[in-house]
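Notes follow the structure.
The values are calculated or read from the model by the stated rules, or taken from the named source; none is laboratory data. The model shown is predicted, which means the values in this text are computed figures rather than measured ones. Every residue, glycine as well, gets a Cβ built from its backbone with ideal geometry; the counts of neighbours run over all protein chains shown.
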Amino acid sequence: MRLKLEDIGRMAGVSRSTVSRVVNNEDSVRPEVRERVQDVIRRTGYTPHVAARSLVSNRTGVIGLVIPSRVHNLFEDPYFARLIQGVTAASNESGTTLSLAFFYLGSRSSSTPARHGRTPGSRASTAGSATSCSTCGSSTASSKPG
């Protein structure tokens, strides 16, 4: 069973709110109380539930970078490599996670089919999956609902 803030509070003899303030490193906790809570956290191996923290704080810690291009252009144009390197460095410094997404809408003309057998504006993949193009074998991935 996964420990909750209430469980840690009960073991340390403090409220759930006090445990939350300790976990979030707020200054409003007396040093002796902070040490007692941190001792329980160390002994139990408690780690905050990432999804629960995201829901409460309304922050995921994920930065999405969408590259509007075919994947092979990434290797032909040095702009994309520099862009990704810069965003990755900033993401690492800020402690966030970088999520890359590539999309290709194909030909702008609706009468001409897009490359790789897709029609303009069609999606190449479905939620959370990767697909391979039957024409060239390149793969695409998506984390958006299809």
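Quick notes on this structure:
- Scope region 19-33; condition surrounded by 17 or more Cβ atoms within 10 Å (Cβ to Cβ) and part of a loop (DSSP other than H, G, I, E, B); matching residues: Val29
- Within region 39-73, being surrounded by 14 or more Cβ atoms within 10 Å (Cβ to Cβ) and in a helix (DSSP H, G or I) holds for Val40, Ile41, Arg53, Val71, Asn73.
- Leading residue by the ranking (farthest from Thr47 (Cα to Cα)) among those in region 1-18 that are among the hydrophobic types (A, V, I, L, M, F, W, C) and assigned to a loop (DSSP other than H, G, I, E, B): Val14
- Residue within region 74-96 that is under 14 Å from the mean Cα position of the chain (by Cα), within 30 Å of Arg21 (Cβ to Cβ), modelled with pLDDT of 80 or more and not in a helix (DSSP H, G or I) present: yes
- Matching residues in region 40-87 - criterion: being touching a residue at least 24 places away in the same chain (Cβ under 8 Å), within 30 Å of Asp7 (Cα to Cα) and among the small types (Gly, Ala, Ser): Gly61
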